[in-house]
Amino acid sequence: MNRLRPQQKERLRKAAIQGSRFYHHYLLNKTFVIITEDYQLHSVTFLKQDFCHFTGLTTVHVTDIDFFDVCYKGTLRNSNIADIQHYNYGTLKNKGDTLLKLNKFLHCDASVNLFLSGLRTNTFSFPSAIRNDKENMTICFIGNDNHARSLRKARNSHNAKNEKQIIGIFERSNDKLDKCIYIRDKQKIIDHVDQSSFSEQLKRYFHLS
């Protein structure tokens, strides 16, 4: 059993609230297209109900979707966090500290990110993940829509079938590559990615129209 003290709950509560606001602003309900060094395109998305799994918390009297809402509104109470947790406080604290860096995950120095396929952990195998070694964080994805499900340490995320450098990150809109989040070499993207997948906004960004 891992029992939390009141002051530990309070720290985790504050981290969940701030993390939810980063999640809402940078990731929630957005689909990103990741272009790897072999010019393959991979879509990932971030749903409301997955935020609770990022925290690692066992909750009380609140669903996963409601948990995100009360965090974002700042109305999460210590009583919504169970006294007995699956993870120990050290693990929960690390997850909470990582929540406070979600604004840096895709949108800040993305050149350090790697796209992983077939990441194996002690308890689960994730089809894909993105690892940021600089911030020591990995986000793992599951399902046909590749939705984010787990937040892990980067240093514990090296047992993958392959790792590829990321050369482009775009937000997708109306099934088109739209807003540019990160790009390593603009011309290589233009030369190797089907331009019919570009939105009009992205074409203007690339000076193609």
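The values are calculated or read from the model by the stated rules, or taken from the named source; none is laboratory data. Quick caveat: nothing in here was measured; it's all calculated off a predicted structure. Here the Cβ is made from the backbone with ideal geometry for all residues, glycine too, and neighbour counts use every protein chain on show. Protein only, heavy atoms only, side chains kept; ligands, DNA and RNA dropped before computing areas. Shrake-Rupley method; radii C 1.70, N 1.55, O 1.52, S 1.80 Å.
Dipole magnitude of segment 83-198 about its Cα centre, charges +1 at Lys/Arg Cβ and -1 at Asp/Glu Cβ only, in debye to the nearest 20?
340 debye
What nm value, rounded to one decimal, do you get for the distance between Tyr87 and Lys101 when each label is placed 7 Å out toward the C-beta? It works out to 1.4 nm between the two label points. Summing Lys and Arg as +1 and Asp and Glu as -1 over all other residues whose Cβ lies under 14 Å from the Cβ of Ser150 gives a net charge of +4.
Over segment 63-201, accessible surface divided per residue gives 50 Å², non-protein components excluded, 1.4 Å probe.
Here the translational diffusion coefficient of segment 38-111 follows from Stokes-Einstein with Rh set to the Kirkwood radius across Cα pairs; for 37 °C and 0.692 mPa s it amounts to 233 µm²/s.
Here Phe22 sits with roughly 50 square angstrom of accessible surface, probe radius 1.4 Å. Taking the 0 to 90 degree range and rounding to the nearest ten, how far is the long axis of helix 64-73 tilted relative to the main principal axis of the chain, both from C-alpha atoms? Around 90 degrees separate the two axes. Separation of the alpha carbons by more than 25 angstrom is noted, of Lys14/Lys104; Lys9/Lys134; Lys95/Lys186; Lys48/Lys101; Lys73/Lys134, for Lys9/Lys134; Lys95/Lys186; Lys73/Lys134.
Hey, if we sort Tyr182, Tyr89 by accessible area with the 1.4 Å probe, largest down, what's the order? All intermediate terms of the calculation are to be shown ahead of the outcome.
Numbers: Tyr182 35, Tyr89 55 Å².
The most accessible residue leads, giving Tyr89, Tyr182.
Between the helical axis of 89-99 and the longest alpha-carbon principal axis of the chain there is an angle of about 40 degrees. Can you pull the accessible area of Lys48 for me, 1.4 Å probe, Å² to the nearest 10? Solvent-accessible area, nearest 10 Å²: 60 Å². Computed as a quarter of the hull surface, the mean projected area of the alpha carbon convex hull for segment 57-209 stands at 11.1 nm². Distance between the C-alpha centres of segment 90-130 and segment 54-75: 20 Å, rounded to the whole angstrom. Between helix 6-26 and the chain there is an angle of about 20 degrees, using the helix long axis and the longest principal axis of the Cα atoms. The dipole here belongs to the chain: it is taken about the Cα centre, uses +1 on the Cβ of Lys and Arg and -1 on the Cβ of Asp and Glu, and is about 820 debye.
Quote the relative contact order of segment 40-97 in percent (integer), defining contacts as alpha-carbon pairs under 8 Å separated by 6+ residues. Kindly include the intermediate steps, with their values, before the conclusion.
On the way: 42 pairs, mean separation 23.0, N = 58.
Computed over segment 40-97, the figure is 40 percent.
For segment 137-166, the residues whose backbone nitrogen is under 19 Å from a point 7 Å from the Cα of Ser43, taken along Cα to Cβ, are 140-149. List the trypsin sites (Lys or Arg not before Pro) within segment 51-106 that DSSP assigns to loop and that have no more than 13 neighbouring Cβ atoms inside 10 Å. Filter output for segment 51-106: Arg77.
Which one of Ile81, Ile181, Val62 is farthest out on the positive end of the charge dipole of the chain, using unit charges on Cβ (Lys, Arg +1; Asp, Glu -1) and the Cα centre as origin? The listed residue farthest towards the positive side: Ile81.
Length gained on full extension, Glu171 to Arg3: 56.4 nm, using 0.36 nm per residue less the C-alpha separation. Computed over neighbours whose Cβ is under 15 Å from that of Asn80, the net charge equals +1, Lys and Arg +1, Asp and Glu -1. Of the residues Phe46, Ser20, Gln8, the one whose Cα sits farthest towards the positive end of the charge dipole of segment 1-53 is Gln8 (charges of +1 on Lys and Arg Cβ, -1 on Asp and Glu Cβ, taken about the Cα centre).
For the pair Cys108 and Asn78, what calculated FRET efficiency results from E = 1/(1 + (r/R0)^6), where r is the Cβ-Cβ distance and R0 = 22 Å, to the nearest 0.05?
After rounding to 0.05, the efficiency reads 0.10.
Applying Stokes-Einstein at 20 °C and 1.002 mPa s to the Kirkwood radius of segment 1-89, computed over alpha-carbon pairs, gives a translational diffusion coefficient of 152 µm² s⁻¹.
Normalising by the residue count of the chain, find the relative contact order in percent from Cα pairs under 8 Å and 6+ residues apart.
With pairs under 8 Å counted, the relative contact order is 22 percent.
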